[in-house]
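Below is one structure, written out as structure tokens; comments come after it.
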Amino acid sequence: MAAPLLHTRLPGDAAASASAVKTLGASRTGISNMRALENDFFNSPPRKTVRFGGTVTEVLLKYKKGETNDFELLKNQLLDPDIKRLPWLNRSQTVVEEYLAFLGNLVSAQTVFLRPCLSMIASHFVPRKSLLFAYLPANFDTCHRECYVHNLLRISVYFPTLRHEILELIIEKLLKLDVNASRQDIEDAEETATQTCGGTDSTEGLFNMDEDEETEHEIKAGPARLDQMVHPVAERLDILMSLVLSYMKDVCYVDGKVDNSKTKDLYRDLINVFDRLLLPTHASCHVQFFMFYLCSFKLGFAEAFLEHLWKKLQDPSNPAIIRQAAGNYIGSFLARAKFIPLITVKSCLDLLVNWLHIYLNNQDSGTKAFCDVALHGPFYSACQAVFYTFVFRHKQLLSGNLKEGLRYLQSLNFERIVMSQLNPLKVCLPSVVNFFAAITNKYQLVFCYTIIERNNRQMLPVIRSTAGGDSVQTCTNPLDTFFPFDPCVLKSAEELQEFKNPMKVEDEDDDFLKGEVPQNDTVIGITPSSFDAHFRSPSSSVGSPPMLYMQPSPL
């Protein structure tokens, strides 16, 4: 055999070399085919020229006659690592087949070569990912994005090395849809459609923590997805989110149980995508629920997500806008994720409140101890995360032993935070402030109304330079606040949610609080459940999803 020898390290000792040559001589093709294969193999010049006494065929014929000098020269030259990089797969089918037949004969005679041969062959199983991925984004914005996303996710199953790039591409495209389908636009479209049909509709507000009770009939509806979103972009986003969430479940679950190793790998990919795309994006309404859903699989992932956000918030090297976004995510996650137990909520509150007090300690003797979002944005974001979490979780914090619960809340020393010169009640969202004030007043933790009334009377700037400035009307949302895990209004979220009361505490009779403070502390949570038959997971089904709901893209 001629050129294929260039890809195999021959034995170092003469006896083994002779054995390999005898095996080669027994090949089915024989010496007569070697010259033709040699010419074909060397059709393209190698990266490094090999010089020895004649052709490979001639060297082997000499070796059979006992002339071993040229064979030893050939053997030593074939040890050069550069020669082993020749692209044998690019040769003709005849050469490839002959080469594989040679490998089979070689490893049969010399099993010491089995591992390197298998390793070399397996290295060609996966194509160059840069080459494949270069073609994936180009055709994303087709009229049938559902098919395209479905098949992209299937590629990530076959080629895991591409998964991070594929997920980043998909989520980036979903974000573009998300910003074109605001929560208010979707709710307005649904309400208009409901009124047109003669029905009534009530959408969930910021502090509406009541459950969306689903009847057994609705839950067990047939496989057809009859309740499409009215808003065209929301409908498109809804279907694509269903594909992504279904894919995540099938990746992480094996035989009905969470596979820790696979889920950790997926978490690492998604947290990187989250940092790059979600944290810098203001007021996205829907796409971030992929992290919420993943964290619902196991508490450890929820805690890892909270720790990740906490590091972002407290790190002064991060831009203020990123730190404030991290605070928004912490508060919304603690308030809305029912799978987070009370002990974790308390641990997070302890961290946040302790950091706030340390921040105030550092400001007491400084020259910047005044209300200014530009100077203290992360501080105000952390304050609002605490207030928001407290509003949603206060009944659980006080459940069981009321005195012990009150003692814990008193230890947080809300009063010092509220009364500080930084005046967080003036900066935090008014709806959050009003609910926080009502609840803390009820339990005599801190009295906020005097400060709120003073803030309402004053016409001092909320955002100003350190040198001060002219009086301006207070902004209603100076922090540019949003709560990323407010109840998702997409239909896909309804299919994923199991609404259950985590813990109920009977309300004390207090007419003042009725209608003003939430009467039900239920928090929205997403837990794994089966999907509609039309939203088959890319990792478990063959082919593209059905075309039933695939209307031309509005964008």
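Here is how the numbers come out for the structure above:
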read-out: Modelled FRET efficiency - R0 56 Å, Leu118 with Ser317, Cβ distances, 0.05 increments; value: 0.75
read-out: Förster radius 45 Å - calculated FRET efficiency between Glu168 and Glu415, Cβ distance, rounded to 0.05; value: 0.50
read-out: Modelled FRET efficiency - R0 45 Å, Glu303 with Asp185, Cβ distances, 0.05 increments; value: 0.85
read-out: Relative contact order, percent, segment 277-355 [alpha-carbon distance under 8 Å, six or more residues apart]; value: 29
read-out: Simple label model, 7 Å out from Cα along Cβ direction - Ser347 to Thr161, nm; value: 3.8
read-out: Members of Lys249/Lys311; Lys264/Lys298; Lys173/Lys257; Lys338/Lys395; Lys262/Lys298 lying beyond 19 Å, as alpha-carbon distances in this model show; value: Lys249/Lys311; Lys173/Lys257
read-out: Residue-span extension gain [Arg276 to Lys64] - 0.36 nm each, minus C-alpha spacing; value: 69.8 nm
read-out: Where only alpha carbons of segment 338-388 are counted, the Rg and the Dmax (Å); value: 13.1, 43
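Here, each number is a calculation from the coordinates, and none is a lab measurement. As the structure is a prediction and not an experimental result, all values here were calculated from the model. Quick reminder, even Gly has a Cβ in these numbers, built from the backbone with ideal geometry, and neighbours come from all protein chains shown.
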